[in-house]
Amino acid sequence: MANNIVEEEEEQYGVVLYYKYTSVPDLNSLATFYDSNCNSLGLLGRVRLAPHGVNVTVGGKLSSLQKHIEAVKSNSLFEGTDFKLATCHHPSNDKVAKESGFTSLSVRVVKELVTFSSHPLLKSPEISNAGKHLSAVEFHSVLQSAGQLLDKGSPSYNKKLVLLDARNLYETRIGKFHTPNVETLDPRIRQYSNLPSWIDNNSKQLQGNCVLMYCTGGIRCEMASAYIKSKGAGFENVYQLFGGIQRYLEQFPEGGFFKGKNFVFDHRISVGSSAANVMGNCLLCGSSFDDYSPRCRCTYCRMLVLVCDSCQKVGALYVCELCKKHGKGVESIPSIKDENSQISTPIELEGVSPSDHTTPLAQFPWRHGEVPDLQENSESYACMGFGRMALVSKEELHH
Ligand SMILES: [Zn+2]
Ligand SMILES: [Zn+2]
């Protein structure tokens, strides 16, 4: 008996993340499978099922996660799925565990895995037209030999290489790619659904160039790269980092060209390379700081902000960079009554659809046109089960 308890305590905890774009013939039976499989294995987290795919982030005992993966793999729908399994500590920060959905199991059928645009008229682009996948090693070597992406003989030769970070501002604050010869475009957006309009407004920076995109785990680039390509002439050369920053850091544990930490959407908060340089700064005093575990948020838009330990004060009001830019200041914040504390904090889930939770938006002082969806439809930091059909060949890359 005593032995069993010891063994149980010693058993390692982990998270698995994966996604798969595929046509799901029977959503209900797949939901039933997830419900019973995860429950019987004691897994907690989020499962999102849509007619065109699946996006999963669950945590539990490592051995249970392995059993889960085996069970999922036996379904032919998941052929080629990239399961990202990581060991980590058991969720210790209750607030973060709750926000990231690690206190319960939630299996939901949704319309879209990631909400690409908040604009009701913008149709989601065809995933089958997504940018070519580059493995972490390929991505790295393209950056390393910047400028030599294309064959001298090809009409695309001389195209400029640009890196596009498809993530949100609170993520890029603490880490992104920095390459000596390649500019990293950081859209500085609050949420993924703002990315299409950023692309529209900045298409000149992309057109005619080779665009290398990346995000946390890959899912956000699938849709966004397809959107860029849908713009037509001059937008053909779009590549995406297969498996995202997560796979890149596994391949380059010292960080490679990625500096800082990788923001993740589970209780780990962020994952760094062994170099783990601190890239972020305290919003108030500017000191070097990149820890989101205090969960400080902008009073206006609820986006996460970095506030260092000595600047944190109970009941303080914080105004993020974006709100500041739009003329909001601490002085102009209307009196905030208790009701605001009932507003559930936005849950940054990668791949959660807006129908997932309801929040009383009306009480909050967002200006017209700036209301964030409280679901961060961030990427599912889950994986790329997208198959390798679009993978660029080495020959194509290095000529
Ligand atoms: Zn500070
Ligand atoms: Zn804000």
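Each reported figure results from applying straightforward, stated rules to the coordinates on display, with no laboratory input. Nothing here was measured: the structure is a model prediction, and the numbers come from that model. When we count neighbours, we look across all protein chains shown, and the Cβ atoms used for this are built from the backbone with ideal geometry, even at glycine.
A few points about this structure:
- Per-region count, segment 282-294, residues surrounded by fewer than 17 Cβ atoms within 10 Å (Cβ to Cβ) and within 16 Å of ligand 2 (Cβ to nearest atom): 0
- Flag for Ser270 being polar (S, T, N, Q), more than 16 Å from ligand 2 (Cβ to nearest atom) and surrounded by fewer than 18 Cβ atoms within 10 Å (Cβ to Cβ): no
- Residue-level check: of (1) touching a Leu at 6+ places or on another chain (Cβ under 9 Å); (2) outside any loop (DSSP other than H, G, I, E, B); (3) free of Cβ contacts under 8 Å to residues at least 60 places away in the same chain, Gln246 misses just (3).
- Test: residue in segment 284-307 that is away from ligand 1 (no atom under 16 Å from the Cβ) and in contact with an Asp or Glu (Cβ under 6 Å, 6 or more places away or on another chain): no
- Residues in segment 298-317 that are out of contact with any Pro (no Cβ under 7 Å at 6 or more places or on another chain), more than 8 Å from ligand 2 (Cβ to nearest atom) and without any contact (Cβ under 8 Å) to a residue 60 or more places away in the chain: Cys308, Asp309, Ser310, Cys311, Lys313, Val314, Gly315, Ala316, Leu317.
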